[in-house]
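Here the structure is laid out as structure tokens; the discussion comes afterwards.
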Amino acid sequence: MLFIVSFLIIIIGNQAQTVIDYDGNTYDTIAIGTQVWLKQNLRVTHFNDGTPIPNVTDSAEWANLITPARCYYENDSAEFDSVYGTLYNWYAANNPNICPSGWHVSTNPEWLAVETYLGGESIAGGKMKETDTIHWASPNVGATNSSGFTGLPAGMREFNSNFKYIRENGLWWTTTTYNTYAWSTYLWYLFSGVDHNPTPKFYGLNIRCIKNSNSNVEEMNSKKQFKIYPNPAYNSITIDFTGIRKSVLTIYNIIGEVVLQCDLNYETNRINVQTLPSGIYILKVSDPERAFQQKLVIE
């Protein structure tokens, strides 16, 4: 039984998790090789220290900025933001607080590592594009999304602040510079590969965050800020979580199925477990920075 529980902890720790940004937007994650990426484009309107990222709609103002800014395709957040994400200039992308804590904007070498893992530049794009033509223009060459990256064609804001290439190109900033430009990565509906271009820093492109290599799933019982009691439990459990903000509790049964999930909104949370049969479970708490888990026994 101990072996089964240990194995279950490993499996759950490696499953796709969710990440929450400063505004409360939720993102899925996907592992590609040794890297872990957000599965959706960033949508945050604040840096993770609470500083607002200005939404700049005026074309002249946008084109002359050398400070962080964001916008939406055709300045229409209702139409485009929830699907395609937010467009940012490079000055926003280069701010270390743009991604959720424990994550960062990808570098050009990190993109190149993904391409290598997926078989090379000429075919990796197809493995990273969402399939079908619901969002991508036809014929969406080579699209299989076998990597799970689910790249979308959100277009861009370019010269004269014009919005172009929605449904044709997916474009993402890197933090890597090239002279006075910055490298960007793009996928194209007529190409199964990946391309990289030096891009003016005032352009508006998407951002995908990648997990810091030292940001790992940790055992809950090794962290003093987490307490769960009683354990073994009967009708309810109490979870104390110092400094909690927008966290999620998930309980898995012995075969890895989710049997209970709820939000944790307070530093002390009482959870009713009366509906769960007696047995061994894995309890997992995910906050914006990391995930913690331990064995739970219900008698």
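Every number in this text was worked out from the coordinates using simple rules, so none of it is lab data. It should be emphasised that the depicted structure is a prediction, and the values quoted were computed from it without experimental measurement. Heads up, the Cβs are rebuilt from the backbone with ideal geometry, glycines too, and the neighbour counts pull from every protein chain shown.
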Projected label distance in nm at Thr238 and Asp58, using a 7 Å step from Cα toward the beta-carbon = 5.6
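Just to be sure I understand: of the beta bridges DSSP finds with both ends in region 23-99, what percent are antiparallel, rounded to 5? If you can, show how the numbers build up before the last one.
Working: 7 of 8 bridges.
Of the beta bridges lying entirely in region 23-99, close to 90 percent run antiparallel.
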query = What number comes out for the charge environment of Thr238, summing +1 per Lys or Arg and -1 per Asp or Glu over other residues with Cβ under 9 Å away?
reply = +1
note = Reduced to Cα centres, the span from region 33-73 to region 135-191 in Å works out to 16
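Considering only DSSP beta bridges whose two residues both sit in region 76-194, what percent are antiparallel, to the nearest 5?
Bridges in region 76-194 are about 90 percent antiparallel.
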message = Rg over Rh of region 18-211, using C-alpha atoms and the Kirkwood radius, what does it come to?
response = 0.93
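With an 8 Å Cα cut-off and a minimum separation of 6 or more residues, compute the relative contact order for region 18-211 in percent. Walk me through the numbers on the way to the answer.
Numbers: 489 pairs, mean separation 47.3, N = 194.
Relative contact order here is 24 percent.
Can you tell me how much longer the chain between Tyr178 and Asp195 gets when fully stretched, taken as 0.36 nm per residue apart minus their C-alpha distance, in nm with one decimal? Could the numbers behind the result be given before it?
Details: separation 17, 0.36 × 17 = 6.12 nm, distance 1.52 nm.
Full-extension gain reported as 4.6 nm.
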remark   = In whole Hz, the Karplus estimates of ³J(HN,Hα) for region 150-158 (6.51, -1.76, 1.60; θ = phi - 60°; x where Gly or Pro) are 6, x, 10, x, 7, x, 7, 10, 10
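Using the Cα gyration tensor of region 93-142, with a ≥ b ≥ c the square roots of its eigenvalues, what is the shape: rounded (a/c below 1.5), prolate (a/b larger than b/c) or oblate (neither)?
Oblate.
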query = What is the sum of charges around Ile207, taking Lys and Arg as +1, Asp and Glu as -1, for the other residues whose C-beta is under 15 Å from the C-beta of Ile207?
reply = +3
ask   = Between Glu257 and Glu121, what is the label-to-label distance in nm when each label sits 7 Å out along the Cα-to-Cβ direction?
value = 4.9
query = Taking neighbour counts of Cβ atoms within 10 Å as a proxy for exposure, in what order, fewest first, do Arg167, Arg157 appear?
reply = Arg167, Arg157
